[in-house]
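Below is one structure, written out as structure tokens; the observations come after it.
Coordinate-derived values only; no laboratory data. What you are looking at is a predicted structure, and each value in this text was computed from that prediction instead of being measured. When we count neighbours, we look across all protein chains shown, and the Cβ atoms used for this are built from the backbone with ideal geometry, even at glycine.
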Amino acid sequence: MRQFLSLLLLFIFSTVRAQAPEKLTASEIYHEIEKLNFLGSVLYLAAHPDDENTRLISYFSNEVNARTAYLSLTRGDGGQNLIGPQIREELGVIRTQELLAARRIDGGQQFFTRANDFGYSKTPEETLQIWDKNEVLNDVVWIIRKFQPDVVINRFDHRTPGTTHGHHTSSAILSVEAFDLVNDKNAFPEQLKFIDTFQPKRLFFNTSPWFYGSQDAFEEASKEKFLQFDTGVYFPLKGLSNPEIASLSRSQHRSQGFGSTGSRGSQMEYLELIKGEMPAAKENIFAGIDTSWNRIKGGAEIGKILKDVQENYDFTNPATSIPKLVNAYQLIKKLENEHWREIKSEQIKNIIAAAAGLYLEAVAQSATATPSETVTINLEAINRSENKMSLKSVELSPGNSAIQPNATLQNNQGWHESLSIKIPAESNLTSPYWLNEQGSVGMYRVDNQELIGLPETPDYTKAIFNIDINGVEIPFSREVVYKYNDNVFGETYRSFEIIPTAAVDFNEKVIIFDNAEKRQISVKITSGKDSISGQISLKSAKNWNIEPAAESFNIRQKGGSVVINFSITPPAQESEAIIVPQAKIGGKTYSKKAVHIDYEHIPYQTLILPSRLKVAKLNIKTKGQHIAYLEGAGDVVAESLEQIGYNVTRISPAQISTVLLKDFDAVVIGIRAYNVQDDLAYKQEILLDYVKNGGTLIAQYNTNRGIVTNNIAPYNLQLSRNRVTDEFAEVRFLAPENPLLNSPNQITEADFENWVQERGLYFPDSWGNEFTPVLSMNDKDEPPRDGSLLVAKYGSGYYVYTGLSFFRQFPAGVPGAYKLFANMISIGK
């Protein structure tokens, strides 16, 4: 039972982490009371961050007052990043936090499965094979059983495989199957050690004219099983329309460039019934479902009290509601229904605290601590109401420190105290739980059942303030945070993090050797606490010679670091290896790095990940030395070109001029630059003149929507959505004699081995006769795609367009990708 309750609380409060304390206005408190009086739940389900319909989530949360959650099967790890260089797991962390930021705006909760976004998939068959269908289905059943939604809504149609992203259709297929399994005790019976079965009442598909291909086709479709309702409502208490809230929510997906402008007025939404009984009232998704307090045994009396609270709420003094709220709290704690008891207990406690202006805070004196370290926590409590309150005790979790002040909390008279806590020696490090173990291409590995579904790792370091309010003792939990004053932003909060004694990382992720000469590599050791010392060595394949065998280090201050240099000599022949650092301190070995993600729109994130350096000895040749790189949506291509000996100058569109470009051997356009750099519309003529006068211009992939200019090439070039998602797809040489395949490096089929995630995307599907298509490839059962690499002579120079995913291959250290790009730069020289 205790295990069940702790698990349920993790689900309820997993979305609040490292944010400034919530301080509700009187109107917001009233809205929370409205939600307290509604006992109904909706789960929206799709595949990725950004798939969710924020209008519907906001509508159900803010107009209907239902518990509303979004289950995204993946964390969006396989997408692109428009705000920085992070991809794969790091991008997944960013998009996780963007979804949480969105839910804080639209009022929903957020869940995930263990499915890994391995990249674009064209069929659900492929998706469900790579994901491990049974395991993802297990997770969907688990989350539905935990959240207990009365209604489940799919974003996509399970009946139309092959018409959209394979992940999309798969999310709907899994939802439909889960709907029939969640109440079956024979389905995933191991879950029943923690939870019971549950049956939602209805399953819908959130349809629209888009799914029918046109408005006319949609109008002609049968609406017999449709619900339709207007989500364009206006909320006077918020001063915003529902679409305005939805646009603010969607605009949190900054890494995808999904900024959205709010709108006003009527906006219809349509739901098609897939399973369950059709509601009698077609504008009410909960019709026929009791969403009042009467739905649970013992709830009628609570409902009467809270109805009175709502009807007699004083917007000028919310604290007048506290006596009745406390009375209702006592009754809620006695409910037999564990699910609603825990949910409503926490809801009403938050309302009581807000109505009283009760401010409770536990602030660590340091942002980080290591296992076994003792940390001082500054405690604060203040009651800003006339209600009688006393602070009985404060307990610090994980439970090794407590204080019993028995202090009366007079109106607006603060209480402050400090307390120390010792971090357990075996404490888990603060890092995304789904990255702690090595998973597969399609699945993250999570061994702890209680963590599955949660958006982020729970904060285990907490302070429990036990406060007597009008004779009733109520525990209020607050996470331990770190707070500081920023000279620009003022009061700033961060999560309090448990970090390793030492973090070890390389300056580079990949180092390419183009000859057999030794090179220096640097290892940075950062201390998590004061006064550490030890030895650092590097582990690698035997044919790579590393000197010295080990080096001693000493770091005096917490947060300090030292850089240790090693010399590494590659073998004479081509070879690849992984180098692992090993810092030995006090009998323990540390081989993980700390990755920090810091963007204004999401909380500061620290990832503790295995530290690895890929080294490759390539017999690679280059021509030309000076490269201009025009930044696009974020990648590490420029750094990768430096690895093979190029001098790379990063430029912005504003810098582009005939004088600037004339001294470069090649100009490389970053990924999606023509989607995100508006100034390129005015600079394209200069770039093409550069080619005409003898330069080489290499344009990497762009999407076919939102192009800032239709003149991206000197000749006709039309982008499409064609892509080859199978990274193992056969690559055929259409122009075997072309310099791109021969000079200065001979390109063979072997150079397309060990590619990651995909071959490429957004290939052109139409081009002028001036272009030579160099490569052909395709996914299974699809026609050849010949637009992945095109080259054309223009004036005295060369224009190259490529949709190949070099931005993914370079961080993975794929040798053939480096050779091919070197040939692209070298053409005409």
Please state the relative contact order of the stretch 489-600 as a whole percent: Cα pairs under 8 Å, 6+ residues apart?
32 percent
Work through the residues other than TYR482 whose Cβ is under 11 Å from its Cβ and net out their charges, Lys, Arg +1 and Asp, Glu -1.
0
In the set [x] 35.1; [y] 56.8; [z] 37.1, which value of mean projected area of the Cα convex hull in nm² was calculated from the structure you see?
[z]
Inter-part gap, Cα centre of the stretch 533-574 to Cα centre of the stretch 53-112, in whole angstrom, is 41 Å
What are the lysines whose alpha-carbon lies under 22 Å from the alpha-carbon of LYS185, with same-chain residues fewer than 8 places away excluded?
LYS133, LYS146, LYS193, LYS201, LYS275
Tell me the Kirkwood hydrodynamic radius of the stretch 472-521 in angstroms, computed as one over the mean inverse distance between distinct C-alpha pairs.
16.7 Å
Counting other Cβ atoms within 10 Å, keep those with at most 15, restrict to DSSP loop, and tell me which trypsin sites (Lys or Arg not before Pro) in the stretch 154-214 are left.
ARG159, LYS185
Any trypsin sites (Lys or Arg not before Pro) in the stretch 242-281 that lie in a DSSP loop and have at most 12 other Cβ atoms within 10 Å would be ARG264
Helix 338-355 vs. the chain, principal-axis angle (Cα, 0 to 90°, nearest 10):
80 degrees
So, relative contact order of the stretch 42-284 in percent, Cα under 8 Å, 6 or more apart, is 23 percent
Over the stretch 42-284, what is the percentage of antiparallel beta bridges among all DSSP beta bridges, to the nearest 5?
40 percent
Given Cβ point charges of +1 (Lys, Arg) and -1 (Asp, Glu) and nothing else, what value in debye, to the nearest 20, does the dipole of the stretch 713-829 about its Cα centre take?
420 debye
Measure nothing but the geometry: give the 0 to 90° angle between the long axis through the Cα atoms of 322-332 and the longest principal axis through the Cα atoms of the chain, rounded to 10°.
80 degrees
Straight-line reach from LYS462: which lysines fall under 16 Å, measuring Cα to Cα and dropping same-chain residues less than 8 apart?
LYS422, LYS483
Ranked on Cβ counts within 10 Å of their own Cβ, fewest leading, PHE496, PHE566, PHE226, PHE728 go PHE728, PHE226, PHE566, PHE496
Among beta bridges that DSSP assigns inside the chain, antiparallel share in %, nearest 5
70 percent
In angstroms, what radius of gyration and Dmax does the stretch 311-449 have, counting Cα atoms only?
19.8, 58
When all Cα-Cα pair distances of the stretch 692-762 are considered, the percent exceeding 19 Å is 55 percent
Cβ charges +1 (Lys, Arg) and -1 (Asp, Glu), total dipole of the chain, debye
1320 debye
Computed, not fitted: 222 nm per-residue ellipticity of the chain from DSSP H runs ≥ 4 (each -39500 (n - 2.57)), nearest 500, equal to -7000 deg cm²/dmol
In the stretch 542-596, the trypsin sites (Lys or Arg not before Pro) that sit in a DSSP loop and have at most 11 other Cβ atoms within 10 Å of their own Cβ are LYS542, ARG556
Along the positive direction of the dipole of the chain (beta-carbon charges: Lys, Arg +1; Asp, Glu -1; about the Cα centre), which of TYR682, SER72, PRO124 reaches farthest?
SER72
Would you be so kind as to identify which of ILE564, ILE105, PRO764 lies farthest towards the positive end of the dipole of the chain, taking Lys and Arg as +1 and Asp and Glu as -1 on Cβ and the Cα centre as origin?
ILE564
Figure the gain on full extension for SER531 and ALA300 (residue separation times 0.36 nm, minus the Cα-Cα span) and round it to one decimal in nm.
77.0 nm
So which of LYS297/LYS392; LYS324/LYS388; LYS623/LYS793; LYS539/LYS588 end up more than 20 Å apart by C-alpha?
LYS297/LYS392
